[in-house]
1. Part of a loop (DSSP other than H, G, I, E, B), of a type in the set (S, T, N, Q) and in contact with a helix residue (DSSP H, G or I) (Cβ under 9 Å, 6 or more places away or on another chain) - does that describe any residue in the stretch 4-20?
2. Kindly establish whether L41 is in contact with a Lys or Arg (Cβ under 9 Å, 6 or more places away or on another chain), touching a residue at least 12 places away in the same chain (Cβ under 8 Å) and on the phi < 0 side of the Ramachandran plot.
3. Go through the residues of the stretch 54-65 one by one and say whether even a single one is at pLDDT 90 or above and more than 15 Å from the chain's Cα centre (by Cα).
4. Let me confirm something: among I46, I18, I26, which residue is of a type outside the set (S, T, N, Q), touching an Asp or Glu at 6+ places or on another chain (Cβ under 8 Å) and at pLDDT 90 or above?
5. Can you tell me how many residues within the stretch 31-54 are out of contact with any Leu (no Cβ under 8 Å at 6 or more places or on another chain) and farther than 15 Å from N8 by Cβ?
6. Can you say whether E45 is acidic (D, E) and within 14 Å of the chain's Cα centre (by Cα), as far as the supplied structure shows?
7. From the list L16, L41, L28, L11, which residue is over 25 Å from E62 (Cβ atoms) and not polar (S, T, N, Q)?
8. Identify the residue in the stretch 36-60 that is of a type in the set (S, T, Y) and not in a loop (DSSP other than H, G, I, E, B) and, among all such residues, is least open to solvent (accessible area, probe 1.4 Å).
Amino acid sequence: PDCINDENVGLLQRLLGIEFDDLPAIKLNQAGRSGFLLMLLRYYEIHLQGFHKPKSLKVLNEIYS
């Protein structure tokens, strides 16, 4: 259940290798953004002791939906 799906792996690889000015070329729908954010948060929960999801997560989801 804690494995990253292929779609998010590909997106992470693209983001890590991209120049800042080229970021607008990456297009994500709302579901893709939410899935990627949840994957990152889960990664932090697993690997960072004492990590808690940000309280502003609901606000971020409303802004980016």
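The values are calculated or read from the model by the stated rules, or taken from the named source; none is laboratory data. Bear in mind that the values here come from a model prediction, so they are computed numbers and not experimental data. Glycine also receives a Cβ, built like all others from the backbone with ideal geometry; neighbour counts cover every protein chain displayed. Just the protein is used for accessible areas: all its heavy atoms, side chains included, with ligands, DNA and RNA removed. Shrake-Rupley method; radii C 1.70, N 1.55, O 1.52, S 1.80 Å.
1. Yes: the stretch 4-20 contains one or more residues that are part of a loop (DSSP other than H, G, I, E, B), of a type in the set (S, T, N, Q) and in contact with a helix residue (DSSP H, G or I) (Cβ under 9 Å, 6 or more places away or on another chain).
2. When the stated conditions are applied, L41 passes them.
3. No.
4. Every option except I46 fails the conditions.
5. 7
6. Considered against the rule, which asks whether it is acidic (D, E) and within 14 Å of the chain's Cα centre (by Cα), E45 comes out as yes.
7. L16
8. Step by step, filter the stretch 36-60, then rank; the result is Y44.
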